[in-house]
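Below is one structure, written out as structure tokens; the observations come after it.
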Amino acid sequence: MIRVWLMQHGIVFFYTFKRLASTPVTALLSITVMGIALSLPTGVYVLMENLQSISGQAAGSPQISLFLKQDAQKEDIDKIQQRLQEDSQIVNYRFVSKDSALTQLQQSSGFTDITANLTYNPLPDAFVVHTRENTSDSLEQWKLTLQSWPEIAHVQFDSAWVDRLNALLKLGRSVVLMLATLLSIAIVAIMFNTIRLQILTKRDEIEISKLIGATDSFIQRPFLYFGAIQGLSGGITAWLIITWGIAVLNDELMPLAQLYDLDIQLQHLSLQDSISLLLFSAWLGWLGARISVASHLWQIEPE
């Protein structure tokens with residue numbers, strides 16, 4: 001039974017593919033339009049993913065400053081240093097003594113007169129810590145954890161660049177969603193119209209099939225396969241367009257990367273994202289064909 005079912009679908013698939021190949025120019029134009037439409041939101045998505053990676057390289061690991069209490073002793077400093085060494089999330093750290101901080105402040109222009117009149121050193125000992133985490137939520141959690149240490153008086157970090165990056169990525173995801181929604185509707189409309197024209201040209205064949213007892217599912221099957229194949233072909237075209245675009249951009253980015261001493265290399269879609277793109281494009285083609293068949297096929301009845 002399964003063998004017969006597979007044979008029937010195989011024959012329909014071969015017949016549908018042959019029909020698609022019989023009009024190469026029309027099919028190629030339709031597939032190209034679908035590929036370009038799919039490549040736009042997918043391309044923006046790829047660029048946003050690469051932007052997040054490149055921004056992490058450019059900004060480096062986040063820097064957190066731990067200011068100790070004024071009465072902190074050497075035992076307190078050693079205790080904090082041991083905790084920092086044992087934490088796997090910390091890339092590196094350095095200790096800045098209060099005397100060293102005051103010396104640096106005295107050497108800074110504009111502060112010479114101020115520091116000369118100081119009767120005591122008001123600056124605390126501090127640790128400058130670089131972490132692996134770079135998201136705003138993670139850094140806030142880090143701040144609360146570090147602030148709970150009894151030896152720490154204040155924790156400070158500059159999260160402005162993290163917030164700007166997250167805002168930009170959020171905007172990019174919204175753009176991707178809007179483009180994907182609008183262009184998906186356009187692809188479904190294109191496939192709807194394509195299948196509608198095919199149904200009209202095959203009207204006599206459909207009437208004869210119904211006269212000899214063909215079921216609706218049997219009549220619909222070639223059109224659904226046609227839509228899915230065209231959609232999948234559009235997805236493959238979009239994948240090729242993105243691959244070509246990334247290769248061109250990588251060639252242009254090479255001189256810029258050398259100037260800033262960065263390893264900037266745009267990455268292509270992952271295997272999972274590539275499969276998702278192909279499946280989604282095939283589903284869009286099938287959906288457009290399914291809606292068109294449901295709208296027009298019932299109107300054809302043998303006389």
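The values are calculated or read from the model by the stated rules, or taken from the named source; none is laboratory data. These numbers were taken from a predicted model, which means no experiment stands behind them. So basically every Cβ, Gly included, is an ideal-geometry build from the backbone, and we count neighbours across all protein chains shown.
Here are a few things to note about the model shown:
Residue-by-condition table, conditions (1) at pLDDT 80 or above; (2) under 27 Å from Trp283 (Cβ atoms):
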site: Ser138; (1), (2): no, no
site: Gln141; (1), (2): no, no
site: Ile152; (1), (2): yes, no
site: Trp161; (1), (2): no, no
site: Ser174; (1), (2): yes, yes
site: Met178; (1), (2): yes, yes
site: Ile185; (1), (2): yes, yes
site: Val188; (1), (2): yes, yes
site: Thr194; (1), (2): yes, yes
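Residue-wise test of (1) at pLDDT 85 or above; (2) within 24 Å of Leu28 (Cα to Cα); (3) over 35 Å from the mean Cα position of the chain (by Cα); (4) loosely packed, with under 13 Cβ neighbours inside 10 Å.
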residue	(1), (2), (3), (4)
Gln198	no, yes, yes, no
Ile206	no, no, yes, no
Ser209	no, no, yes, no
Leu224	yes, yes, no, no
Ala228	yes, yes, no, no
Asp261	no, no, no, yes
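- Candidates in region 15-30 are the residues that are without any contact (Cβ under 8 Å) to a residue 60 or more places away in the chain and over 33 Å from the mean Cα position of the chain (by Cα); of these, the one that is surrounded by the fewest Cβ atoms within 10 Å (Cβ to Cβ) is Val25.
- Neighbours by Cβ (under 7 Å, 6+ apart or cross-chain): first from region 31-53, surrounded by fewer than 21 Cβ atoms within 10 Å (Cβ to Cβ); second charged (D, E, K, R): Met48/Arg173
- Subset of region 81-103 [in contact (Cβ under 8 Å) with a residue 24 or more places away in the chain, of a type outside the set (Gly, Ala, Ser) and in a helix (DSSP H, G or I)]: Gln81, Arg83, Leu84, Lys98
- Restricted to region 46-73, and to residues there that are touching a helix residue (DSSP H, G or I) at 6+ places or on another chain (Cβ under 7 Å) and farther than 11 Å from Leu169 by Cβ, the residue that is modelled with the lowest pLDDT is Ala59.
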